[in-house]
Amino acid sequence: MSVGAEEWFDDEEDGWGEDASAINAELRRRGLPPYEDVPSETDFAPGSGQAFEEKLSPSMTGFLALCRTHLSQEESDILCGWTVLVPISLDEEIWLPIESDDHESMVVGAPQVLPLAEKLAAAIDLPAETPATCDNLDLSMWFRHQAKELAATRTGPWTKDLDTAFYVALFLRAAQHSIRRGCPIVYT
């Protein structure tokens with residue numbers, strides 16, 4: 001889901017302030033400017049494209065197979081392995097420790113994710129009717145209803161596995177949203 005400035009810079013338990021500070025420290029270490037121009041969260045307005053939130057409930061099996069077919073292992077890791085997606089270009093991912101777990105969180109740049117997602121979208125011929133701006137579960141709802149109707153009349157590789165097409169659209173639209181709005185997206 002997309003994160004507004006208030007939550008991004010919030011140091012409270014539900015905020016991302018600690019992560020934002022760690023990302024900025026790493027950017028400075030790399031000689032890059034800090035990521036501080038995060039837009040404020042806006043009131044929810046269906047169809048506005050100002051927020052991004054989806055639930056990852058369909059099976060990812062077909063999507064991961066598609067990644068293995070069309071992407072290198074490194075590209076697949078970048079596309080599928082992030083916990084935080086930022087709208088800035090990163091030559092390499094940033095790894096942040098997660099205090100409550102025994103692993104690290106991967107931060108990647110949306111400009112690096114976008115061409116990988118576009119490559120998969122082209123491979124399955126993702127239809128133009130797929131929602132371009134996604135608010136609260138718009139992709140999930142579209143794939144549950146309109147995509148099934150469209151697949152009955154408009155054949156193509158995307159119709160072979162709608163769960164796979166959903167994940168292609170999800171990663172594509174997440175990267176586009178992050179770049180368009182200039183906001184981080186987090187996977188929780």
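Could you tally the net charge around Thr42, taking each other residue with its Cβ under 14 Å from the Cβ of Thr42, Lys/Arg +1 and Asp/Glu -1? Don't jump to the answer; show the numbers that get you there.
Working: positive: Arg180, Arg181; negative: Glu6, Glu7, Glu41, Asp43, Glu53, Asp135.
For residues surrounding Thr42, the net value is -4.
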Inset, instruction - On a 0 to 90° scale, report how tilted helix 61-70 is relative to the longest principal axis of the chain, with both axes built from alpha carbons and the result rounded to the nearest 10. - result: 80 degrees
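With both bridge residues required to lie in the chain, what share of the DSSP beta bridges run antiparallel, to the nearest 5%?
On the way: 7 of 11 bridges.
The antiparallel fraction comes to roughly 65 percent.
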Legend entry - Protection-proxy order for peptides 110-119, 56-65, 20-29, each taking the mean of Cβ atoms within 10 Å per residue, highest first: 110-119, 20-29, 56-65
Legend entry - Histogram of C-alpha separations across the chain, 5 Å bin width, %: 1, 8, 16, 20, 20, 15, 11, 6, 2, 1, 0
Inset, instruction - Would you please classify the overall shape of segment 109-167 from the alpha carbon gyration tensor, given that a ≥ b ≥ c denote the square roots of the eigenvalues, rounded means a/c under 1.5, and beyond that prolate means a/b larger than b/c while oblate covers the rest? - result: oblate
Legend entry - Accessible surface of the chain [probe 1.4 Å, protein heavy atoms]: carbon and sulfur percent: 49 percent
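Work out the length of the dipole vector of segment 52-119 about its Cα centre, built from +1 on the beta-carbon of each Lys and Arg and -1 on the beta-carbon of each Asp and Glu, and round it to the nearest 20 debye. Numbers along the way, then the final one.
Details: 3 positive and 13 negative charges, 85 e Å.
Around 400 debye, computed over segment 52-119.
Considering only protein heavy atoms, what per residue accessible area in square angstrom results for segment 134-188 with a 1.4 angstrom probe?
Working: 2450 Å² over 55 residues.
Ligands and nucleic acids excluded, the figure is 45 Å² per residue.
Of all trypsin sites (Lys or Arg not before Pro) in segment 128-164, which ones are in loop regions per DSSP and have a Cβ with at most 13 other Cβ atoms within 10 Å?
Values: sites: Arg144, Lys148, Arg154, Lys160; in loops: Arg154.
Answer by residue number: Arg154.
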Inset, instruction - Could you please report the charge total around His145, scoring K, R as +1 and D, E as -1 over all other residues with beta-carbon less than 14 angstrom from its beta-carbon? - result: -1
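The values are calculated or read from the model by the stated rules, or taken from the named source; none is laboratory data. Keep in mind that what you see is a predicted model, and the values were worked out from it rather than measured. Glycine also receives a Cβ, built like all others from the backbone with ideal geometry; neighbour counts cover every protein chain displayed. SASA here: full protein model, heavy atoms, side chains in, ligands and nucleic acids out. Shrake-Rupley method; radii C 1.70, N 1.55, O 1.52, S 1.80 Å.
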